[in-house]
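Since the structure comes first, as structure tokens, the remarks are kept for the end.
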Amino acid sequence: MRKFSAIALVSCLTLGATAIYAQTTPSTSMDKPATGASKTTTTKTTTATTKTTTKAKAHKVTGDISKLDCTANTLTVGTKDLNTNDKTHITVNGKKAACADLKDGMKATASYTTDKDGKNWATHISAK
């Protein structure tokens, strides 16, 4: 244990001495203009471009499932027509399921987003 402590202490002191030496190192000739030369200052202006992405606002609907068509990837929950895709998370009674596990008349809650074309895309469907 003493050897480990001694090694750790020596390492810390070495790193500290290196940091101090790095701060006090004299500048090179590249840092200073030549004697008699005119001094020119170049100002570099950078413009930060910020990219803002707007995340579609999620909506929620609750109701009975109707007009279920797994082939066309559409269904209606309550009064809202929804489209599904491979990113739609479906659960039935709390367990992961597929569109084929859903039935007309089941009670469901769905989260969805609306795209710029006005289509409602289901992100989550939870049925009982």
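The values are calculated or read from the model by the stated rules, or taken from the named source; none is laboratory data. None of these values were measured; they are calculated from a predicted model. Cβ sites come from the backbone with ideal geometry, for glycine too, and all protein chains shown count toward neighbours. Only protein heavy atoms, including side chains, enter the accessible area calculation; ligands, DNA and RNA are left aside. Shrake-Rupley method; radii C 1.70, N 1.55, O 1.52, S 1.80 Å.
Odds and ends about this structure:
- Filtered residues of region 102-117 (kept if acidic (D, E) and touching a residue at least 24 places away in the same chain (Cβ under 8 Å)): D104, D115
- Residues being farther than 16 Å from T79 by Cβ, open to solvent by 80 Å² or more (accessible area, probe 1.4 Å) and in a strand (DSSP E or B) - total across region 101-121: 0
- Test: residue in region 72-81 that is crowded, with 17+ Cβ neighbours inside 10 Å, under 28 Å from the mean Cα position of the chain (by Cα) and under 13 Å from S126 (Cα atoms): no
- Listed by first and then second residue, the pairs linking a residue in region 79-101 that is closer than 22 Å to D117 by Cα to a residue that is exposed (fewer than 10 other Cβ atoms within 10 Å of the Cβ) and of a type in the set (S, T, N, Q), with Cβ atoms under 7 Å apart and 6 or more places separating them unless they lie on different chains, form an empty list.
- The listed residue being modelled with pLDDT of 95 or more and open to solvent by 50 Å² or more (accessible area, probe 1.4 Å), out of H59, H89: H89
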